[in-house]
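Visitor: Got a structure here, written out as structure tokens. Questions coming.
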């Protein structure tokens, strides 16, 4: 059997390792992480120990030197065990890539080495209360102060807010004419100016510590800048967005695969006592499972195609990146919805061995995380009809 | 504005009372009831005190003497405040109607008087572990024992299991040739033979104490029978099913209405800080709200039509009863799904004033409760093509 | 069995007459009308002879004096036999109501008497090439000329263009500040200035002679005005829109009912030679039929509810009028799509007795006729969030 | 830009040639072919002349020696110009592959050489009136007669019935215990025993001459057998089904691409005269176009993945073949439906430059052609739950 993302042979052991950790570590804690909710500390520690936090860090800095294909395959495997852990991993890796792309960050290589060593967790802090889901348009501002800057912000939905060492954050550049003239900087959580608020309590992805963060009078030195001043949009759209998009698409696929597997297992093993037939003998249930499988594999294949476009440096690559995330998000909704309908009461309960209820909730988190499906549709539609994206 | 169920003028005050209790009592406890989860004791007590537990009990026995139209309107109002409470009310009223229809139950009138006085809570105990969602086909059996019977059963999903005074339960009649030859009897929870198991923990409707119940060596006297021996299917299909179906349809409509109201309110009041526009200025969000409203009102109207068919004694009435439940269940899924998509992060969180996340979960309970949408489709399809239902 | 539109007892004979004509006259010509395509002259003549062209004309002027309930029931019956004929009837009746509402039209009563006598066919000519589907915003203009006006227009999609005696047409009032300041006038097709262009050739509703019409230097006298100058929007939105909306909703329901009936018949009577089982034994096909029935009846019930709101003069009546059309249009798409999927090749062919292929095409005409589903969603969404409609 | 089917570099010129013919020849005749309807003789002649009828014939026999990837890419290009022609090509190539796989057919190589030379058109004749869409279960039978066999059959839906030189046909083997014990034979249309009936007149794919064929007392010699006696299911399931499935999937993708292109073009170029804005400025229309693009590319990518599985000889290859067809068929329905909704009246008419109306109808043919989506769902569902397919 081929793999839809067609990663290089040498990446196989990282993907296999991720699959093993997902089954042995992540899955064991997933229910409690969801229910409490709490941060999956054991699972993130296992990723760190396996070197997977440095999966995309260049080998020269101690990392595993992998690109988007292996990254996606790892994120997908992790999501099969615990989607909250996968989300933390995707946010961390997207932030890592922003850091790696920086020409201004003073301790860039030191951070990347620490990441590769499993000693540094990073994340993104882009969205804000005032701009809601339009993460590319911060309302917070960097004001000049001495050689550097100072800033205040009400960041919303920061994953790993209480556990990350650094946030890759955005603000309007000094004197910005529009929110699109932004700067990306690195906020270090050791600062008292960075204050995570009480954590998120919502429908799904409950364990990734997605919390609001209040930033008050934070000093940002010139060597803390990730992008050049006013060039934040480039970092967001050319670095963060592609990694985030393919990572979250892969996460969604992990949820889909877990739902397909659990549903197939449930239909195959459940029988009616009074008639001797089983759930798999019902054509309507088989059809739902079939639709789940087909939808899952089509979306995975689209992500595989997206890597081809990215590697070819095709001008259509951004369109495919957006499309892959769009399809994956909706597929995860559709597939877990079908799973709930195929498995009925057994899927609805938290007390059975079938984790569909959690998959169903976790899948819905993707829809509300920017760029949302509505944003993606709008960007794709603009690109196809010759309109500017912003 | 007309009411889609077109209940009699004199029922208005009961519906208004239900609306008032839903807003003032049920809604106040709903979040905690869902979260803990726990039985909504205050809310059920408020219904009892208002006389609503006896809504359909004949006036001659102290009840309010109402029929299906007012029952549905009340269930709908209750669901706007707390769907778990509405579910308890619907199960109780369906059981009450089964009791009222009995010609064999020794203390029928005494129980109905107690119900009317708010001193007796009843419920249904039809589904079983062995027959899964096919509630009309019990695998448990009544065995003859002296003048009466004795029975064992593993009942699943009994609403109000730890709080009801009686269960309207089913078993195969002695010597039944098929599970369809059943008998309905009244199980009194004061008996040690009736043992509710630890309660349900699932995706939605978390407060209605839907628990498995183990019945072990329960003595069932002839005067405990609700149906005549072997005539259980008549009671289930001609009494319980219609009341349960229209009640749960109305519950689903209450969830829809709450979602429409919350979404309209959210779109109308939420603004983007950086652009000065608001959510209601986005055509895709307006379209979702429109679709929610239209879907809700179409389904409510179908239930109204169903009452016309029932009152006319039309031979199509059963088809409309099944159709009304079918449409309401799917409408509740569709409408709350659109609400989640229209309101995004604000709906996804449990920490905002917008209760859409709970409505979304509660709505999904209907799908897994028999007769499920799959059952309903099958019954309706058989009826329309001249096939027997069983 | 009750009727979802609950028309008055005395209207029953008109509805029955329409049903009879649909089965005996309209259905006989429908395939040829669709295929050629050609205007259903025999069917319209039968309506005229039966007095149905005057269904809503006041009895004092020789009409049958019926309101929206009977009108909808008649339109629905006609659509079961031939949707093109039903469309002609709906356009004619909507135009008739505009005429009846006029305080300025010189020969209003004479025209209404001719209509009642079956000697006058009218229609609407609102949409224009320049404003596309936004029929409420004509780009043509009335220019003052002597005591009256003169106008040029490129009207698009005029039903019965070559057969109607009059068109109820729109243009911007002289000096209008916006296209919304319009005037409604009566164009008489006997004038050389009114020139229907070669007819429509499209996917569905092929027989209603929906043609572009070129109006060149048409003199419009003051006594030809249907609305007062600049008050056209009132006539369009308060008279034409409600009648058109409920009429087209009912047409859509007629298509749905025909599809349900044909599908039930096909499943019930078709068998596999090699296995001895029949199509109705396939659960997936039964489920589709069930969904078709439920969807049809929910939409019909919503239209019934809409009449209640209209009669009560409820401020929600316009919202329900838009909602009823919206739900009916989408139901007709969904129901005929399911019919095609349930009946397969037999429905796909034009050579079988199952007319589903034509129903499927005719149903799609509703979507492209203004106000389209997109318009309706937008209007409904604006109304629900407190925004002005225009 | 990469190609989703990833055919070999040397196949590029065949795909380019197909694209060129589609644009220059097929598209020119497509409207007339659909409308009349008539067989696209000019287009098929152009394919023959270009050598494309021998695309998959081994080079040693004069063919182009291509495999499934190039075949699919060619079929997709052809469908962009004329789906009827693409269907003829797919049926011909599937039949060609059955012939090429034969160890019993006397003049196998001569036929393949004639095919490569563009002088022989073949097709499939599997489905029958008695077995409806279950093409794998013929009710016709081969009876032994002398050294060979004789057979009668009522074949339905034979593409190119009046134009093909040979049909690859099925019948039950002599003494078959079930319809699954079939034999594949070659029927030569020069025989008087093979009588095509008057052609198909249906919703879509109107030009491929899909006609019933009456076979009466046809002598089938031993050297006319394509499969060994009783081994027909192997040929159907291991040779015909994969080629047919990927070919029809690719055809569906060609329709999708044509719809995406036409819709993008229409939105980009159409403006409202009265407001100065254009269709592409409407977010709901942009979103539909985006969904069309994403759906199309996901389905194409799944077909690309399927080729990987086929080439790897994976045991999952058959599952992916079924899945690719399933997804493509439904994508074509969804994408052309969205096109109709995005383009409105312009798409609905046959008189505009936008051919969406025809694409919409052609796409629906896939649903009714076996194996239908319902069959595919059932097969996939059985495979995933460990049930035998038949």
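No lab work stands behind these numbers, since they all come straight from the coordinates. This structure is a prediction, so every number in the text was calculated from the model and none was measured. Counting neighbours? That spans all protein chains shown, and the Cβs are built from the backbone with ideal geometry, glycine included.
Visitor: Below 8 Å between Cα atoms, with a sequence gap of 6+, how large is the relative contact order for chain D in percent?
Guide: Across chain D, relative contact order equals 16 percent.
Visitor: Separate question: With the radius of gyration and the Kirkwood radius both derived from the Cα set of the protein assembly as shown, what is their ratio Rg to Rh?
Guide: On the Cα set of the protein assembly as shown, Rg over Rh gives 0.97.
Visitor: Here is a further query. Can you compute the label reach from residue D:315? Point 7 Å from Cα along the Cβ direction, backbone N cut-off under 14 Å, restricted to the stretch D:360-390.
Guide: Once the point is set 7 Å along Cα→Cβ of residue D:315, D:383-387 turn out to lie under 14 Å by backbone N, inside the stretch D:360-390.
Visitor: Could I ask something else about it? For chain A, find the longest principal axis of its Cα atoms and tell me its angle to the long axis of helix A:373-384, 0 to 90°, nearest 10.
Guide: 70
Visitor: Moving on to the next point. Please give the FRET efficiency for residue D:45 paired with residue D:16, using the beta carbon to beta carbon distance and R0 = 25 Å, rounded to the nearest 0.05.
Guide: So the FRET efficiency works out to roughly 0.80.
Visitor: Once you wrap a convex hull around the alpha carbon atoms of chain B, what is its projected area averaged over all directions, in nm²?
Guide: Projected area, direction-averaged: 19.3 nm².
Visitor: Could I ask something else about it? Which FRET efficiency, nearest 0.05, do residue B:217 and residue B:162 yield, Cβ-Cβ r, R0 22 Å?
Guide: For R0 = 22 Å, the calculated efficiency reads 0.60.
Visitor: To test your reading of the geometry: what angle, between 0 and 90 degrees and rounded to tens, separates the Cα axis of helix A:241-269 from the longest principal axis of chain A?
Guide: Taking the Cα atoms of chain A, the angle to A:241-269 is about 20 degrees.
Visitor: For the stretch C:198-306, calculate the relative contact order in percent as a whole number, restricting contacts to Cα pairs under 8 Å that are 6 or more residues apart.
Guide: 18
Visitor: As a test of the definition: which semi-axes, in Å, follow for the stretch C:1-109 when you take the square root of five times each eigenvalue of its alpha carbon gyration tensor? Largest first, please.
Guide: For the stretch C:1-109, the ellipsoid semi-axes come out as 23, 18, 11 Å.
Visitor: I'd like the projected area of the stretch A:45-137, averaged over all directions, using the convex hull of its alpha carbons. Report it in nm² with one decimal.
Guide: Value for the stretch A:45-137: 6.8 nm².
Visitor: Next up: If I build a Gaussian network model for chain D, linking alpha-carbon pairs within less than 10 angstrom, which residue out of D:286, D:271, D:364 has the largest mean-square fluctuation?
Guide: Evaluated over chain D, the most mobile residue of the options is D:271.
Visitor: Next question. Suppose we keep just the alpha-carbon trace of the stretch D:274-318; what are its Rg and Dmax in angstrom?
Guide: 18.5, 60
Visitor: Could I ask something else about it? What percent do you get for the relative contact order of the stretch D:1-115 when only Cα pairs under 8 Å and 6+ apart count?
Guide: The normalised contact order for the stretch D:1-115 reaches 29 percent.
Visitor: Right, something else. To two decimal places, what compactness ratio does the stretch C:83-126 give when its Cα radius of gyration is scaled by 2.2 N^0.38 Å?
Guide: 1.14
Visitor: When the Cα centres of the stretch A:318-364 and the stretch C:365-384 are compared, how far apart do they sit, in Å?
Guide: The two parts, judged by their Cα centres, are 31 Å apart.
Visitor: Could you pull the copy-to-copy label distances for residue C:315, with points set 7 Å along Cα to Cβ, in nm to one decimal and sorted shortest first?
Guide: For residue C:315, the other copies' label points sit at 4.7, 5.5, 6.9 nm, shortest first.
Visitor: Using helices alone, I'd like the mean residue ellipticity at 222 nm for chain A: each DSSP H run of four-plus residues gives -39500 (n - 2.57), total over residue count, nearest 500.
Guide: Per the formula, -15500 deg cm²/dmol.
Visitor: Right, here's the next one. For chain C, modelled as a Gaussian network with Cα springs under 10 Å, which listed residue fluctuates most, C:335, C:15, C:294?
Guide: Residue with maximal mean-square fluctuation among C:335, C:15, C:294: C:294.
Visitor: How many Å³ per residue does the convex hull of the Cα positions in the stretch C:86-178 occupy?
Guide: Each residue corresponds to 113 Å³ of Cα convex hull volume.
Visitor: How big is D, in µm² s⁻¹, for the stretch A:194-300 by Stokes-Einstein at 4 °C and 1.567 mPa s if Rh is the Kirkwood radius over C-alpha pairs?
Guide: It diffuses with D of about 70 µm²/s by this estimate.
Visitor: Zone of residue B:147 (label point 7 Å along Cα→Cβ, backbone N under 19 Å): which residues in the stretch B:174-195?
Guide: B:185-188
Visitor: Right, next: At residue B:390, with labels set 7 Å past Cα in the Cβ direction, how many nm apart are the copies from this one, shortest first?
Guide: 3.8, 6.0, 6.6
Visitor: Set the Förster radius R0 to 51 Å, insert the Cβ-Cβ distance between residue B:107 and residue C:275 as r into 1/(1 + (r/R0)^6), and round the FRET efficiency to 0.05.
Guide: 0.40
Visitor: Taking a label point 7 Å from the Cα of residue C:389 along the Cα→Cβ vector, which residues of the stretch C:132-167 have an amide N closer than 18 Å to it?
Guide: Residues C:133-138 fall inside that zone.
Visitor: Return one number: the angle in degrees, 0 to 90 and rounded to the nearest 10, between the long axis of the Cα atoms of helix B:68-81 and the longest principal axis of the Cα atoms of chain B.
Guide: 50
Visitor: Based on the Cα coordinates of the stretch A:333-390, what is the per residue volume of their convex hull in Å³?
Guide: 72
Visitor: Pop out the Kirkwood hydrodynamic radius of the stretch D:130-184 from its pairwise C-alpha distances, inverse of mean 1/r, in Å to one decimal.
Guide: This gives a value of 12.0 Å.
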